[in-house]
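No value in this document is a laboratory result; all are computed from the given coordinates. Because the structure is predicted, anything quoted here is derived from the model rather than measured. Here Cβ is always computed from backbone atoms with ideal geometry, including for glycine, and neighbour counts include all displayed protein chains.
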């Protein structure tokens, strides 16, 4: 008896996504009569639950359309439902949406995400599906905590640098604890309000965890290491002579890669500069640590820093040399020890040019062939679930049979993706 507006229907559809995602349509090619029986049986089950909201969805035809789409998707054979685009017009539209059409801009994170799992790019950047959110329960998840930490890092460094307190000094760390604490409280509270409520006990637990990680980072940054050799400074804190040049600085660069011009856009978390005028690109990591060696492209999922450095050379090179880049991973297990640091010295830009060209040529060929299969990279897959770690659309991906994805893995159109995933370290062999 309620007014079923489009907004209400969409809300109901989201609410019941998990229940419907577990339905397993029959294998093979069902005849029309079998399909009718299947639809009828589902309809009877819905009526039997006496759920008016589900029944309204059924009567509206929304459920029927979804059921028929699922049947088409499950009939086997590579095609659009399994992540293989077949229409040239569809592929061209996808290239436009992700920034690879003429005149477009693509982000380094999107290219790395494609190497992790092509289907992530389809769901997030092409279809525009929101990240699946569980009902908010318990502490902040990894993505929420990561946003809190990134926001506090930016705000604190901006304020410290603006008041002449950067690089930090060991004797001021305790003094700055109050400032960091107030910033954490504010950002944690904002994250919980975004969930629709305030939970003081949970906020205190999350606040302590975030503050411990930030204080460990600050003490590490403050360590006085002015005597560090030039080659050692890249992976040292601000106390080794680095001053902030820019925070969350955007870039837009044209890179010559794989015989073509690629317009790359993005944002560096932090740009530092030393007394010799050299630049360092800093990227904060708050989730999974980068475990590879410097220069390890990791089959495409370690692509980000090399692209960042090439963009920095183009955008900042007229002002000074590029010393290299560093990932600062704010560990959650031993926060008092400071960040885990992975450095990329500038010489890797030249050493890696041939492999980067090869990797980018194969990666772009795979995208332009319309390959968006659900096939997580082994190094970014949760072995318990068979999904990407931090998968944004687990319900959709769980209904895809992983063994079927593997069965398609030898399809000719996947050879470029396989080549991408075989390219390893810049300074070592290709097997990854």
Separation in nanometres of the label points that stand 7 Å from Cα toward Cβ, at residue 199 and residue 254: 5.1
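Working out 0.36 nm times the residue gap between residue 109 and residue 318, then minus their Cα-Cα distance, what length gain in nm do you get to one decimal?
72.7 nm
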Burial ranking of peptide ranges 420-426, 161-167, 107-113, 139-145 (average Cβ count within 10 Å, highest at the top): 420-426, 107-113, 139-145, 161-167
Inter-probe distance in nm under a simple model that places probes 7 Å from Cα toward Cβ, at residue 395 and residue 93: 2.4
Difference of contour (0.36 nm per residue) and Cα-Cα distance, residue 350 to residue 412: 19.1 nm
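For a Förster distance of 30 Å, can you work out the FRET efficiency between the beta-carbons of residue 175 and residue 265, rounded to the nearest 0.05?
Numbers: r = 39 Å, r/R0 = 1.29.
That gives a FRET efficiency of 0.20.
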Length released on extending from residue 383 to residue 357, taking residue separation times 0.36 nm less the Cα-Cα span: 6.3 nm
Distance in nm between pseudo-label sites at residue 163 and residue 368 (7 Å out along the Cβ direction from Cα): 5.3
